[in-house]
Amino acid sequence: MKYAVLGRSGLRVSRLCLGTMNFGVDTDEREAFRIMDAALDAGINFFDTANIYGWGENAGRTEEIIGQWFQKGGGRRERTVLATKVYGDMHDTYDGPNREQGLSAYKIRRHLEGSLKRLQTDHIELYQMHHVDRHVHWSELWSAFEHAQAQGKIGYVGSSNFAGWDIAVAQGEAKARGTLGLVSEQHKYNLLCRLPELEVLPASQALGLGVIPWSPLDGGLLAGNHRRSGGGRRSGDAKRLEKHGAQLEAYAKLCDELGHSEDLVSLAWLLHNPAVTAPIIGVRTLEQFERSLRVLDVELDEATLQRIDEIFPGPGGDAPKAYAW
């Protein structure tokens, strides 16, 4: 396994991040334990979750499964760089308007305590805002995060689904306070979704954030599931297949020539980008996890990268060069 520092922090994380969104939904506790054990054995120390995973009335179940896994001992907690998120409605015991989606010092305090309890730990290495809340001033947010850091309950702060200018504002406010600010941005980024190249990736690189791509296989479309018998969980979406069919056929042909499956080439393409710290592999089974590890053996040369660009054209570079004279 290879490792990289997360943004401008000193925290070293594996180049693959284990996504746990399926735990407690499509993946039962026993299989989740097997996947997490295998991840540590493979050298993956970076685990991503969120307080709302489990979804709806079952929100929090994924964090509970991870917490129960930590209790199995064997240095599991000590070997894990744990990331979770805050923003959504947790359906927890208190009612009223403050349980709704969004951010505030009030909500950060309550939801952080809830995550720590479910995860059965006293600290979280990376605490991420699951979405931007532009109705809350950064002085309130940074004060809340700094307080949690001073208590030793969180190590670093990250963002998710932020625009480039949200990242710039957040880092400007942090700099004015004399603090580190954000160290990561978790963003949807893959061969079929390259818009982040315009502003999010350049802003992250310039301002010291490591990018953690979610949906690296775009719901299975980039995994070649549509070519396998039975398809994939979302690969049968007729509209998406119709829209991208010609690209996917050309991509499948290229991957066949390379001797690698589509999913592994898609992940390798992300790892080739210097802005990317670690794509999130959101597996449902141990077999899927073991398959994803093969990406470490995939090398893409410049000629191959150029052919991929021809199949999946990006926005043309970063802004404003991509569209201005």
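Charge dipole of the chain (Cα centre as origin; +1 on each Lys and Arg Cβ, -1 on each Asp and Glu Cβ, all else neutral): 440 debye, rounded to the nearest 20.
Give me the percent of DSSP beta bridges within region 100-228 that run antiparallel, rounded to the nearest 5. Rounded to the nearest five, the antiparallel share is 5 percent. Each of (1) 147; (2) 189; (3) 175 is a candidate for volume of the Cα convex hull per residue in Å³; the one calculated from this structure is (1). Comparing Leu119, Ala105, Val136 along the charge dipole axis of region 74-138, the residue lying farthest to the positive side is Leu119, per the Cβ-charge model.
Figure note: His111, His131 ranked by solvent-accessible area, largest first, 1.4 Å probe, ligands and nucleic acids not counted: His131, His111.
The Cα atoms of region 235-325 give a gyration tensor whose axes a ≥ b ≥ c have a/c of 1.5 or more with a/b greater than b/c, which makes the shape prolate. Pairs with C-alpha atoms separated by more than 31 Å, drawn from the list Lys117/Lys188; Lys2/Lys253; Lys2/Lys72; Lys72/Lys188, are Lys72/Lys188. Here the chain exposes an accessible surface that is 49 percent carbon and sulfur, computed with a 1.4 Å probe and the other protein chains kept in place.
Solvent-accessible area of Arg284, all protein chains in place: 70 Å² (probe radius 1.4 Å, heavy atoms, ligands and nucleic acids excluded). Of all DSSP-defined beta bridges confined to the chain, some 15% are antiparallel rather than parallel.
Only DSSP H runs of four or more residues enter the estimate; each adds -39500 (n - 2.57), and after division by the residues of the chain the mean residue ellipticity at 222 nm equals -11500 deg cm²/dmol. Structure remark: mean-square fluctuation, Gaussian network model of the chain, C-alpha springs under 10 Å; the largest value among Leu116, Leu209, Leu180 belongs to Leu180. Compared with the direct C-alpha span, the chain from Tyr3 to Ala206 gains 71.0 nm at full extension, assuming 0.36 nm per residue.
Using a probe of 1.4 angstrom and keeping all protein chains present, the accessible surface of the chain works out to 45 square angstrom per residue. Computed about the Cα centre, the dipole magnitude for region 140-265 is approximately 300 debye when only Lys and Arg (+1) and Asp and Glu (-1) carry charge, each at its Cβ. Identify which of Thr285, Thr20, Thr304 has the largest mean-square fluctuation in a Gaussian network model of the chain, with springs joining Cα atoms closer than 10 Å. Among Thr285, Thr20, Thr304, the largest GNM mean-square fluctuation belongs to Thr304.
Radius of gyration (Cα atoms) of region 1-98, expressed as a multiple of 2.2 N^0.38 Å: 1.16.
Shown are Trp269, Trp325, Trp214, Trp69, whose ranking by accessible area with a 1.4 Å probe and every protein chain present, most to least, is Trp325, Trp214, Trp269, Trp69. From the alpha carbon centroid of region 1-66 to that of region 237-274 is 25 Å.
Between Glu257 and Tyr106, full extension at 0.36 nm per residue minus the direct alpha carbon distance yields a gain of 48.9 nm. Computed from the C-beta positions of Ala324 and Arg134 and an R0 of 25 Å, the FRET efficiency is 0.45 to the nearest 0.05.
The values are calculated or read from the model by the stated rules, or taken from the named source; none is laboratory data. Treat the numbers as computed from the prediction; the structure is a model and nothing was measured. Cβ sites come from the backbone with ideal geometry, for glycine too, and all protein chains shown count toward neighbours. We work out accessible area using only protein heavy atoms, side chains counted, and drop any ligands, DNA or RNA first. Shrake-Rupley method; radii C 1.70, N 1.55, O 1.52, S 1.80 Å.
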